[in-house]
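Trainee: There's a structure below that I have some questions on.
The values are calculated or read from the model by the stated rules, or taken from the named source; none is laboratory data. All values derive from a computational prediction rather than experimental measurement. Backbone-built Cβ (ideal geometry, glycine too); neighbour counts: all protein chains shown.
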Amino acid sequence: MIGMMDRKNIISLIILDIFVMILALGLIIFRYYSLTKMVSAEIESPSYHTSAAEEITPDTKINQNKKTQAEKRNLRFTFRHSQAKKVEIIGDFNDWIPQSMEKGKNHLWKIDLSISPGEYAYNFVIDGRPIRDPNNPKVCNVGRGFPNSFLQVKSKK
């Protein structure tokens, strides 16, 4: 078979193979650095660390729940998608358990949630695929393998 190929074809195949190998190596290096960057961002982020110094008794827990219920903010999340069959929301505020959104007029999906003040990462899930909120330019990485939208819920004070 090599006898049938002329020298130009062999050289072009070798160049193409080298190009593909360099491209694959570049992708591996990019993925490595993006993963290590996400891990370091998660470690450096103070908003996702909790303090173990506070002692929680059953009475404290009840008072905290009452306080948390009183401080919660009602937020409406919306997402417009004309071809989606199912839209859900996931985030720190629901322990990354998908909650279905309702489809309304003009392909507008919505959900109303009661969320305590704090900082949260979240995404929409469109037909099983996580998507950042296109209306929210704030992004964060919490080590879930994909970028997340960032939400800061302020107290009513």
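Trainee: Give segment 93-110 a look and list any residue that's without any contact (Cβ under 8 Å) to a residue 12 or more places away in the chain, charged (D, E, K, R) and under 21 Å from Arg73 (Cβ atoms), or say none.
Mentor: Passing the criteria: Asp95, Glu102.
Trainee: Test Ile90 against the stated conditions and say whether it is at negative phi, assigned to a loop (DSSP other than H, G, I, E, B) and out of contact with any helix residue (DSSP H, G or I) (no Cβ under 9 Å at 6 or more places or on another chain).
Mentor: no
Trainee: While we're looking at this one, here's another question. Looking at (1) over 12 Å from Ser149 (Cβ atoms); (2) in contact (Cβ under 8 Å) with a residue 12 or more places away in the chain; (3) not polar (S, T, N, Q), find the lone condition where Arg132 falls short.
Mentor: (1)
Trainee: Considering only segment 100-157, give the strands (runs of 3 or more DSSP E) lying wholly within it that have at least 3 residues that are surrounded by 16 or more Cβ atoms within 10 Å (Cβ to Cβ).
Mentor: Counting at least 3 such residues, we get 108-115, 118-126, 148-153.
Trainee: Quick one: what pairs do we get from segment 63-92, first residue closer than 24 Å to Asn106 by Cβ and at pLDDT 90 or above, second acidic (Asp, Glu) and part of a loop (DSSP other than H, G, I, E, B), C-beta under 7 Å, 6+ apart or different chains?
Mentor: That search, which allows pairs on different chains as well, returns Ala84/Asp127; Lys85/Asp127; Lys86/Asp127.
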